[in-house]
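Report on the structure given below.
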Amino acid sequence: MVTEITCSSLTKSYVGDGVKTNAIKNIDIIFRKEEFSAIVGSSGSGKSTLLSLLGTLDKPSEGTVLYDSHDIMKKRKKEIADFRFNEIGFIFQQFHLLPTLTALENVMTPLFSRKVPYNKQKRATEVLAQVGLEDKLNSLPSQLSGGQQQRVAIARAIVHKPSWLLADEPTGNLDTETGELVLELLRNLKQEVGCGLIIVTHDPELAAKADRVITMKDGLIVSDKIGAGV
Ligand code: ADP
Ligand code: MG
């Protein structure tokens, strides 16, 4: 179980049409599992790039992301995938639910083709109850509201018991009130499950509810505030 994610001299560049963009520039930062961190900054500042790197979805161009001192990205694809399954749960702005599957089946998808020491359907039912959807197990995404769909996506992100929950604009497709409820749910889950929580948002009001607020600008971290009154 990973307790710290350490980024050292982390750089990510993209090359397109012969032009090189440095999405992340030489970042040094440590994320700790006990914290609820929010990454804020305007569009294009590198927030999603950083979250992808933290979640092993992407490889650094330079520098490292260490998980309790392990350089996972140096390992083989299969080991990286196993690590991601064991440690990381993702939530996205677009809920990315499969439209022909029920809520229960959607939540079970990360467990398909995996060996786990628990009953898959029972576990999926349990996490759907944890997000308040025990009466929607057999609903299709089209039969659910946006907030309910994001709850299904959150249940899917925690079904495999990851130690970190990474959310990219999780409230971006929701109205303000529903967004606040989803954020509250994430906060509560963090407490209940004891996982690390890092959310990307461009909404300063939502970010103000985090323990730590990291502000990015042009691929750099321009402020990092911990504690009350951030
Ligand atoms: P944010 O999430 O803060 O809006 P991103 O991390 O998505 O920012 O993007 C940071 C910069 O990197 C932007 O200039 C963006 O255009 C560029 N970028 C992101 N992903 C890619 C990609 N796959 N290919 C090329 N450029 C990219
Ligand atoms: Mg983004």
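For region 167-199, the set of residues classified as of a type outside the set (Lys, Arg) and under 15 Å from Glu35 (Cβ atoms) consists of Ala167, Leu186, Leu189, Gln191, Val193, Gly194, Cys195, Gly196, Leu197, Ile198, Ile199, listed by residue number.
I'd like to know if region 75-86 contains one or more residues that are more than 15 Å from His160 (Cα to Cα), assigned to a loop (DSSP other than H, G, I, E, B) and touching a residue at least 12 places away in the same chain (Cβ under 8 Å).
No, there is no match, as no residue in region 75-86 is more than 15 Å from His160 (Cα to Cα), assigned to a loop (DSSP other than H, G, I, E, B) and touching a residue at least 12 places away in the same chain (Cβ under 8 Å).
With the structure loaded, tell me whether Ile72 is over 26 Å from Gln191 (Cβ atoms), more than 16 Å from ligand 1 (Cβ to nearest atom), touching a Phe, Trp or Tyr at 6+ places or on another chain (Cβ under 8 Å) and not small (Gly, Ala, Ser) or whether it fails that test. Yes, satisfied. State whether the residues of region 192-208 include one that is crowded, with 17+ Cβ neighbours inside 10 Å, over 28 Å from Leu98 (Cβ atoms), away from ligand 2 (no atom under 16 Å from the Cβ) and modelled with pLDDT under 95. Within region 192-208 (the criterion being crowded, with 17+ Cβ neighbours inside 10 Å, over 28 Å from Leu98 (Cβ atoms), away from ligand 2 (no atom under 16 Å from the Cβ) and modelled with pLDDT under 95), the answer is no, since none of the residues qualifies. Being assigned to a helix (DSSP H, G or I) and out of contact with any strand residue (DSSP E or B) (no Cβ under 7 Å at 6 or more places or on another chain) holds for only one residue in Thr109, Thr100, and it is Thr109. Looking at region 47-86, which of the residues that are within 24 Å of Val159 (Cα to Cα) and among the small types (Gly, Ala, Ser) is nearest to ligand 2 (Cβ to nearest atom)? Filtering region 47-86 for residues that are within 24 Å of Val159 (Cα to Cα) and among the small types (Gly, Ala, Ser), the one nearest to ligand 2 (Cβ to nearest atom) comes out as Ser48.
Please verify whether region 217-230 includes one or more residues that are farther than 25 Å from Leu57 by Cα, in contact with a helix residue (DSSP H, G or I) (Cβ under 9 Å, 6 or more places away or on another chain) and surrounded by fewer than 21 Cβ atoms within 10 Å (Cβ to Cβ). So far as region 217-230 goes, yes, one or more of its residues are farther than 25 Å from Leu57 by Cα, in contact with a helix residue (DSSP H, G or I) (Cβ under 9 Å, 6 or more places away or on another chain) and surrounded by fewer than 21 Cβ atoms within 10 Å (Cβ to Cβ). The one condition from (1) within 12 Å of ligand 1 (Cβ to nearest atom); (2) among the aromatic types (Phe, Trp, Tyr); (3) surrounded by 15 or more Cβ atoms within 10 Å (Cβ to Cβ) that Tyr14 does not meet is (3).
The values are calculated or read from the model by the stated rules, or taken from the named source; none is laboratory data. All figures in this text were calculated on a predicted structure; none of them were measured in a lab. Reconstructed Cβ throughout: ideal geometry from the backbone, glycine too, with neighbour counts over all protein chains shown.
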